[in-house]
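Student: My questions all concern the structure below.
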Amino acid sequence: MLKPLNGKVITVIGSSGYVGSNVIKNALQYGAIVNGVSRSGQPTTQQNWTREVNWIKGDAMKAHEFKDVLQKSDIVIHTIGTLIDSSVLNNKKPGDQGTYEQMNRDTALNVVKELINTNVKFVYVSGSAHPPFLKRYLTTKQEVEQHILSLYQQQQLNPIIVRPGFIYSLTQRWWSVPLKYDLAIWKCVHDNASRLIPQQSFIGKIFNEFKVDTSIDLQDVVDACLAPLKIDLIGKSLNNQEMEKVAQQFRNLQ
């Protein structure tokens, strides 16, 4: 039986991470040819699916070193990111190794440079909210969004942006499922309480630091990242609900 992504070439940037590794596993199941790019390269622990991947030891900050792989892909999916950066944990300056600026923003911008004026689709995994008092997590991702949408308007790039909230998975991270329900309760409390608190007041600003979005299943995130190979999504920015809808449309094509 012909698989939905049979023969398609997919390159995942950040292939060792939670989202990236699962994009790879699902892409293989759908019949794709997969390149996995990470600083560590091939995983030390081998599994059946890892043997089917073309592992590339590469630094996204030096994307020119593997530009041939990028430019020969049908789609490049950028999944690199950090929730708590090194400026918080190790007292580094914004822009240093491991900071939001480097991880969330600059790795993506360097990959994008190699895709300008090509037919390759580029999926950027952004976000919909930031951890309390860590706005740079989201603003650095928004800077990438603005840049790639500007290139799209100039007809120089084929971007798709996905903005997941908290990503849960019963099979990959069982503990994330009860947390999903905790966040749903908090979102309800926060949204209702926000109507009673002046938004520009000191208390209002502090309270808004704890704003959360709805949660989304890992499978929906993964399938939404792969869907642009079968569904026209170029130039689109997808929130949780839109990702769930697109993911289901993609699965219905199989």
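Read-outs: derived from the displayed coordinates by stated rules, not from any lab. In this text, all values refer to a predicted model and were calculated from it rather than measured experimentally. Here the Cβ positions follow ideal geometry from the backbone for every residue, glycine too, while neighbour counts run over all protein chains shown.
Student: Rounded to the nearest 0.05, what FRET efficiency is calculated for LYS93 and ALA184 with R0 set to 45 Å and r the Cβ-Cβ distance?
Tutor: Computed FRET efficiency for LYS93 and ALA184 comes out at 0.75.
Student: With both bridge residues required to lie in the chain, what share of the DSSP beta bridges run antiparallel, to the nearest 5%? Please report the intermediate quantities before stating the final value.
Tutor: Working: 1 of 27 bridges.
The antiparallel fraction comes to roughly 5 percent.
Student: What number, in percent, do you get for the relative contact order of segment 166-212 if the mean sequence gap of Cα pairs under 8 Å and at least 6 apart is divided by its residue count? Spell out each step's value before the answer.
Tutor: Values: 24 pairs, mean separation 12.6, N = 47.
Relative CO of segment 166-212 lands at 27 percent.
Student: Classify segment 166-212: rounded, prolate or oblate, from the alpha-carbon gyration tensor (a ≥ b ≥ c, eigenvalue square roots; a/c under 1.5 rounded; otherwise prolate if a/b is larger than b/c)? Kindly include the intermediate steps, with their values, before the conclusion.
Tutor: On the way: a/c = 5.10, a/b = 2.93, b/c = 1.74.
Prolate shape, in that a/c is at least 1.5 and a/b is the bigger ratio.
Student: Right, another one. Who wins for biggest fluctuation among VAL69, VAL112, VAL88 in a Gaussian network model of the chain, springs between alpha carbons below 10 Å?
Tutor: Highest fluctuation among the options: VAL88.
Student: Give the percent of DSSP beta bridges with both residues in segment 35-186 that are antiparallel, rounded to the nearest 5.
Tutor: Values: 1 of 14 bridges.
That works out to approximately 5 percent antiparallel.
Student: Let's test the formula: R0 of 25 Å, r as the Cβ-Cβ distance of LYS3 and TRP49. What FRET efficiency results, to the nearest 0.05? Don't jump to the answer; show the numbers that get you there.
Tutor: Numbers: r = 14 Å, r/R0 = 0.58.
E between LYS3 and TRP49, to the nearest 0.05, is 0.95.
Student: Please give the calculated 222 nm ellipticity per residue for the chain, where each DSSP H segment of at least 4 residues contributes -39500 (n - 2.57) and the sum is spread over every residue; nearest 500 deg cm²/dmol? Provide the component values of the computation, followed by the final result.
Tutor: Values: 9 runs with 94 residues, N = 254.
The helix-only estimate for the chain comes to -11000 deg cm²/dmol at 222 nm.
Student: Now for a separate question. Provide, as a two-decimal number, the C-alpha radius of gyration of the chain over 2.2 N^0.38 Å, N being how many residues it has.
Tutor: Working: Rg = 18.4 Å, N = 254, 2.2 N^0.38 = 18.0 Å.
It is 1.02.
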